[in-house]
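What follows is a single structure, written as structure tokens, with notes after it.
The values are calculated or read from the model by the stated rules, or taken from the named source; none is laboratory data. Computed from a prediction, not measured in an experiment: that's the story for all the values here. Here the Cβ positions follow ideal geometry from the backbone for every residue, glycine too, while neighbour counts run over all protein chains shown. Just the protein is used for accessible areas: all its heavy atoms, side chains included, with ligands, DNA and RNA removed. Shrake-Rupley method; radii C 1.70, N 1.55, O 1.52, S 1.80 Å.
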Amino acid sequence: MLDKKYNHEIVEKDKYEKWLAKDYFKCVEDSDNKPYCIVLPPPNVTGVLHLGHAWDVTLQDIIIRYKKMEGYDTFWLPGMDHAAIATEAKVVKRLKDKGIDKYSYGRDKFLEACWDWTHEHGDIIRKQWAKLGIALDYSKERFTLDEGMSKAVRKVFVDYYNEGLIYRGEKIINWDPVAKTALSNEEVVYSEEKSAFYHIKYMLENSDKYIDVATTRPETLFGDTAVAVNELDDRYKEFVGKNVILPLLNKPIPVITDEHADMTKGTGAVKITPAHDPNDFEVGNRHNLERVVIMNDDATMNELTGKYQGMTREECREAVIKDLEGLGLLIKIEPIVHEVGHSERTGVMVEPMIKKQWFVKMRPLADKVLATQKIKEEKVNFVPARYEKTMNHWMEITYDWCISRQLWWGHRIPAWYKDDEVYVGMEAPNEAGWVQDNDVLDTWFSSALWPFATLGWPDNNKLLSKYYPNQCLVTGYDIIPFWVNRMTFQGEKLLGKRPFEDCLIHGLIRDKQGRKFSKSLGNGIDPFDMVKDYGADALRYYLATDVAPGTDMRFDEEKIKATWNYINKIWNASRFVLSNIEDLKEIKLDNLKPEDKWILTKFEKTLHETKRFMDKYEFNNAGASIYNFTWNYFCDYYIEMAKYTIGEHSTKSTLCYVLTGILKLLQPFMPYVTDEIYNMLPVKETEDIMIASYPKYDKKLIFDSEEKAVDDSVEFIKSFRNIKAENNITKEMKVMFDTEDDNDLIIKMLKLNDNLVKEPLGIKAYKVFSNRVKATIFFEKVETEADKLAKEAQIKVLTESISRREKLLSNDNYVNKAPAKIVELDRQKLAEEKQKLAELLK
RNA sequence: GGGCGAUUAGCUCAGUUGGUUAGAGCAUCUGCCUUACAAGCAGGAGGUCACAAGUUCGAGUCCUGUAUCGCCCACCA
């Protein structure tokens with residue numbers, strides 16, 4: 001016998017270990033069943049899982065468990081990401097707290113510290129996965145820095161290099177002066193900052209004329225090698241071709257014309273700093289300008305800035321402005337607000353710098369994706385579909401991907417140098433004297449290979465051929481540019497096929513006020529506190545059903561509470577069923593009563609609807625559909641009806657059949673409690689519910705006329721209760737049925753056995769009716785003013801509705817153009833309303 | 001500057017191809033300890049679907065425009 005109250009701690013205890021021991025989570029490579037593979041977005045080993053991860057994995061687990069019951073050979077591959085820059089930052093800090101400097105510690109020892117960190121956090125993360133009950137195949141777990149991944153990474157690098165898709169070049173890149181590494185465009189986040197246009201006089205050589213140059217970055221003037229104006233700009237005609245004097249350095253630089261100078265912006269004259277600005281870099285290339293690097297790697301000013309050497313960028317700006325002002329070269333300061341790029345990881349202002357780095361040539365790779373996305377059978381199907389635009393737009397505008405990072409934790413670049421020679425290969429060259437590139441690859445370079453490198457690529461094996469392309473990938477929309485896009489172009493280039501058929505996108509979780517969760521706000525919620533308080537099932541159901549796919553969610557603990565109540569409801573319904581079917585030997589759906597047929601029909605319809613939603617990943621709608629059936633039909637009505645015929649085999653069978661069905665539909669959402677209850681069923685098809693089959697829609701269990709009839713009885717019951725409550729009618733009432741039909745069920749449900757009369761009484765009468773059933777309640781009661789008002793209001797509503805409907809039905813346009821079904825419905829409704837009104841007016 | 005999303009009950013959210021009186025949970029009001037469940041049961045109340053114009057017999061849903069909020073992208077000096 002079940003406890004009276006659902007206790008999630010008891011229910012969830014030891015279950016995960018049981019599932020693991022029975023190998024339920026393992027894929028069956030040799031199985032003939034159709035494969036269904038998802039690779040888990042590998043969480044960073046930087047930290048522990050948060051609510052967003054819990055959401056992400058819950059969605060995947062629901063898909064996997066659903067597909068498994070549907071008969072697929074499911075395979076959910078877990079793993080973690082070494083997260084190069086993010087983890088390195090954490091380990092650097094940990095060492096620093098111990099008084100150890102990364103560089104003096106040395107590369108090998110530092111990497112050891114990184115591995116220690118990785119193992120610590122890996123263990124924590126695995127425990128967290130277990131708490132959520134997710135069906136990961138741990139026998140295939142991978143790490144983005146393991147041997148197989150490393151091999152795949154080197155292979156891609158070498159092949160791309162040989163094909164010309166990877167090259168090394170000196171270009172302007174985003175430099176993080178704290179981590180002292182290059183970054184990709186995606187790793188730069190822009191935020192609005194208060195700044196100013198500084199208008200500076202650049203004096204014409206040997207003249208007292210000058211050009212007013214407006215800049216937001218006066219500290220970079222030491223790197224100026226020209227001033228550009230537009231060739232159509234009349235204001236500066238006389239300056240073009242001459243020199244202006246670079247302030248502070250008193251160095252002559254040319255005034256050139258270039259399309260980059262926009263006459264409508266600023267003063268129309270722009271200083272050109274090729275080594276510290278991407279646009280100026282391009283201008284410099286066009287005009288063969290010298291590139292003067294004026295900063296050190298930590299973004300302090302270097303020796304070329306004279307007395308400003310050693311200052312930070314900020315200090316230098318202040319000093320420069322002060323000095324220019326002293327020289328009378330500062331015209332004005334115009335405050336503005338503009339977007340400034342910051343490092344995603346360290347938060348520091350990114351400095352554009354000229355550096356020799358490795359790049360992936362993006363155009364051919366991106367074009368391939370754009371072409372594939374035009375083919376229905378070969379494209380990645382985004383859910384919701386609008387996110388395809390996010391990827392496609394990125395593919396259209398992307399430019400070469402800077403993949404080298406000046407870090408230690410990551411895949412070391414397989415390039416070796418000897419004097420001016422470069423060797424790129426899977427292994428180091430044999431001869432002596434070659435030195436390997438010090439840098440590692442962007443962490444996303446390896447995770448881009450995740451959907452196939454984890455399956456054994458570049459070796460061709462059964463795992464790869466069976467499970468690639470993956471059937472689905474689940475991730476948040478914020479990860480599309482970093483990861484989804486890159487997996488897509490890599491998969492299509494390297495294996496000739498999309499990495500996954502579907503890509504289910506979810507949003508971000510925010511707090512109750514709609515703010516992002518962040519450490520500084522202190523508004524974080526630990527999902528495992530929720531598991532502790534309400535159970536994994538409640539958290540999972542909440543996360544999966546709260547919002548429609550692709551939208552953000554506002555976290556609300558009250559809803560988890562409500563889910564707990566729902567589970568408790570299921571628990572208690574099961575308690576009733578189980579305690580009454582202990583002697584059931586087999587489920588036989590024959591000699592069915594109308595209410596049995598009714599609930600079976602409702603269940604089939606719910607199943608049909610639920611499956612449709614599950615297949616579209618609309619778990620919110622699927623959840624609502626099951627909830628509505630379970631609570632409003634099964635619990636509120638069928639169980640109540642069943643109480644009167646509980647001894648009959650058909651009742652027991654129906655109870656057991658429907659409860660089993662409900663448990664199966666809920667299993668993907670609530671694996672623990674459904675497992676617990678399923679195992680207590682006297683009749684069941686499998687040892688555990690997660691290996692049972694999903695119910696199949698069965699037309700033979702659709703009974704239209706019984707459904708209609710019992711629906712009508714239910715409608716009558718509701719009307720009856722309504723009238724009884726609204727009129728404060730007590731048990732003293734007498735009831736006379738006007739209709740001959742069998743009203744047994746109604747009489748039982750309303751407990752009217754002692755109140756029935758055959759002839760009308762000469763006291764106040766209340767009419768109750770549904771389509772089929774009519775009855776009169778006799779009850780002595782003084783009509784109050786409130787009763788009168790209520791009745792008048794009801795008459796008013798009905799009268800208005802009738803006249804609106806009559807008008808509609810007399811409109812030929814409507815009658816002729818609207819579907820006959822709709823018009824017929826209106827006619828029915830009108831007739832009912834008229835009848836009701838007549839009753840009220842009696 | 002470009003793109004996307006949101007705007008529906010007090011709160012958080014659903015709402016399929018346009019079609020009965022726009023739904024749910026929570027909160028709220030009334031009455032109930034009816035032996036599965038008071039974390040429950042029964043019955044209510046609560047919405048000009050952001051705004052304006054349009055298409056249509058019919059618009060929360062489709063078209064156009066506006067407002068507010070949010071996100072993404074973009075090299076703007």
query = Would you pick out the residues in segment A:389-443 that are within 16 Å of RNA strand B (Cβ to nearest atom), outside any loop (DSSP other than H, G, I, E, B) and in contact (Cβ under 8 Å) with a residue 24 or more places away in the chain?
reply = A:T390, A:M391, A:W394, A:M395, A:E396, A:W401, A:C402
inquiry  = If I go through segment A:183-208 residue by residue, how many of them are more than 9 Å from RNA strand B (Cβ to nearest atom), of a type in the set (D, E, K, R) and either assigned to a helix (DSSP H, G or I) or without any contact (Cβ under 8 Å) to a residue 12 or more places away in the chain (or both)?
reply    = 2
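Given the options A:K90, A:K96, name the one that is in a helix (DSSP H, G or I), within 22 Å of A:S447 (Cα to Cα) and either among the aliphatic types (A, V, I, L, M) or free of Cβ contacts under 8 Å to residues at least 60 places away in the same chain (or both). Write out each step before concluding.
Working: A:K96 fails: within 22 Å of A:S447 (Cα to Cα).
On inspection, the qualifying residue turns out to be A:K90.
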message = Quick check on segment A:144-167. Is at least one of its residues under 29 Å from A:G347 (Cα atoms), at pLDDT 95 or above, within 23 Å of the chain's Cα centre (by Cα) and crowded, with 19+ Cβ neighbours inside 10 Å?
response = yes
remark   = Note on A:P364: of the conditions (1) surrounded by fewer than 19 Cβ atoms within 10 Å (Cβ to Cβ); (2) more than 37 Å from the chain's Cα centre (by Cα), unmet is (2)
inquiry  = Exactly one condition in (1) away from RNA strand B (no atom under 15 Å from the Cβ); (2) buried (at least 21 other Cβ atoms within 10 Å of the Cβ) is false for A:G496; which is it?
reply    = (2)
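So which of A:K718, A:K796 ends up being at pLDDT below 85, open to solvent by 20 Å² or more (accessible area, probe 1.4 Å) and among the basic types (K, R)?
Numbers: A:K718 fails: at pLDDT below 85.
Testing whether each residue is at pLDDT below 85, open to solvent by 20 Å² or more (accessible area, probe 1.4 Å) and among the basic types (K, R) leaves just A:K796.
Taking the condition in contact with a Cys (Cβ under 9 Å, 6 or more places away or on another chain), open to solvent by less than 10 Å² (accessible area, probe 1.4 Å), within 20 Å of A:M80 (Cα to Cα) and in contact (Cβ under 8 Å) with a residue 12 or more places away in the chain, does A:P527 pass? Before you say what the answer is, go through the steps one by one.
Numbers: in contact with a Cys (Cβ under 9 Å, 6 or more places away or on another chain): no; open to solvent by less than 10 Å² (accessible area, probe 1.4 Å): yes; within 20 Å of A:M80 (Cα to Cα): yes; in contact (Cβ under 8 Å) with a residue 12 or more places away in the chain: yes.
Taking the combined requirement at face value, the residue does not satisfy it.
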ask   = Do you know which residues across segment A:531-552 are surrounded by fewer than 21 Cβ atoms within 10 Å (Cβ to Cβ) and more than 12 Å from RNA strand B (Cβ to nearest atom)?
value = A:K532
inquiry  = For segment A:363-388, which positions are in a helix (DSSP H, G or I) and either more than 16 Å from RNA strand B (Cβ to nearest atom) or under 20 Å from A:P469 (Cβ atoms) (or both)?
reply    = A:P364, A:L365, A:A366, A:D367, A:K368, A:V369, A:L370, A:A371, A:T372, A:Y387, A:E388
query = Mind checking whether some residue in segment A:558-572 is of a type in the set (D, E), under 16 Å from the mean Cα position of the chain (by Cα) and farther than 25 Å from A:N679 by Cα?
reply = no
request  = For A:N461, work out the one condition from (1) within 18 Å of A:R168 (Cβ to Cβ); (2) open to solvent by 30 Å² or more (accessible area, probe 1.4 Å) it doesn't fulfil.
outcome  = (1)
key: Positions within segment A:799-826 being open to solvent by less than 100 Å² (accessible area, probe 1.4 Å) and among the hydrophobic types (A, V, I, L, M, F, W, C), in sequence order   = A:I802, A:L808, A:L809, A:V815, A:A818, A:A820, A:I822, A:V823
query = Take the residues of segment A:553-588 that are without any contact (Cβ under 8 Å) to a residue 60 or more places away in the chain and within 9 Å of RNA strand B (Cβ to nearest atom): which is farthest from A:V383 (Cα to Cα)?
reply = A:N565
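Being surrounded by fewer than 21 Cβ atoms within 10 Å (Cβ to Cβ), touching a helix residue (DSSP H, G or I) at 6+ places or on another chain (Cβ under 7 Å) and not β-branched (V, I, T) is the filter here; which residues of segment A:683-693 pass it? Explain how you work it out, then say what you get.
Narrowing segment A:683-693 to residues surrounded by fewer than 21 Cβ atoms within 10 Å (Cβ to Cβ): A:683-688, A:691-693.
In the following step, the residues that additionally are touching a helix residue (DSSP H, G or I) at 6+ places or on another chain (Cβ under 7 Å) were identified as A:683-684, A:688, A:692-693.
A:K684, A:D688, A:A692, A:S693, listed by residue number.
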task = Could you tell me whether any residue of segment A:555-568 is open to solvent by 10 Å² or more (accessible area, probe 1.4 Å) and more than 30 Å from A:Y477 (Cα to Cα)?
result = yes
query = Of the residues that sit in segment A:590-620 and are part of a helix (DSSP H, G or I), within 10 Å of RNA strand B (Cβ to nearest atom) and open to solvent by 60 Å² or more (accessible area, probe 1.4 Å), which one is farthest from A:L701 (Cα to Cα)?
reply = A:R612
key: Complete set of residues in segment A:643-659 that are more than 8 Å from RNA strand B (Cβ to nearest atom), without any contact (Cβ under 8 Å) to a residue 60 or more places away in the chain and either open to solvent by 60 Å² or more (accessible area, probe 1.4 Å) or in a helix (DSSP H, G or I) (or both)   = A:G647, A:E648, A:T651, A:V658
query = For segment A:52-59, does any single residue satisfy the condition of being at pLDDT 95 or above and closer than 23 Å to A:E687 by Cβ?
reply = no
note = Within segment A:82-123, the residues that are among the aromatic types (F, W, Y) and either open to solvent by 40 Å² or more (accessible area, probe 1.4 Å) or more than 34 Å from the chain's Cα centre (by Cα) (or both) are A:Y103, A:Y105, A:F110, A:W115
ask   = In segment A:209-222, what residues are more than 12 Å from RNA strand B (Cβ to nearest atom) and either open to solvent by 10 Å² or more (accessible area, probe 1.4 Å) or at pLDDT below 90 (or both)?
value = A:K209, A:Y210
query = What strands (runs of 3 or more DSSP E) completely inside segment A:223-339 contain at least 3 residues that are within 13 Å of RNA strand B (Cβ to nearest atom) and crowded, with 20+ Cβ neighbours inside 10 Å?
reply = A:226-229, A:269-272
ask   = Under 6 Å by Cβ, and 6 or more places apart or on different chains, what pairs join a residue from segment A:266-283 that is in contact (Cβ under 8 Å) with a residue 40 or more places away in the chain with one that is open to solvent by 10 Å² or more (accessible area, probe 1.4 Å) and within 7 Å of RNA strand B (Cβ to nearest atom)?
value = A:G266/A:A214; A:T267/A:A214; A:K271/A:T215; A:V283/A:H260
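Filter segment A:141-181 down to residues that are of a type outside the set (V, I, T) and within 16 Å of RNA strand B (Cβ to nearest atom), then give me how many there are.
Of the residues in segment A:141-181, the ones of a type outside the set (V, I, T) are A:141-143, A:145-152, A:154-155, A:157, A:159-165, A:167-171, A:174-177, A:179-180.
Remaining after also requiring within 16 Å of RNA strand B (Cβ to nearest atom): A:171, A:174-175.
So the count comes out to 3.
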message = Let me spell it out: the conditions are (1) open to solvent by 60 Å² or more (accessible area, probe 1.4 Å); (2) within 13 Å of A:S713 (Cβ to Cβ); (3) not hydroxyl-bearing (S, T, Y), and A:V768 meets all of them except one. Which number is the exception?
response = (1)
Filter result (modelled with pLDDT under 90 and among the small types (G, A, S)) within segment A:254-295 = A:A261, A:G266, A:G268
task = Identify, from the list A:T654, A:T686, A:T630, the residue that is of a type in the set (S, T, N, Q), under 17 Å from A:W571 (Cα atoms) and at pLDDT 95 or above.
result = A:T630
query = Quick one: is A:F500 over 20 Å from the mean Cα position of the chain (by Cα) and under 30 Å from A:N461 (Cα atoms)?
reply = no
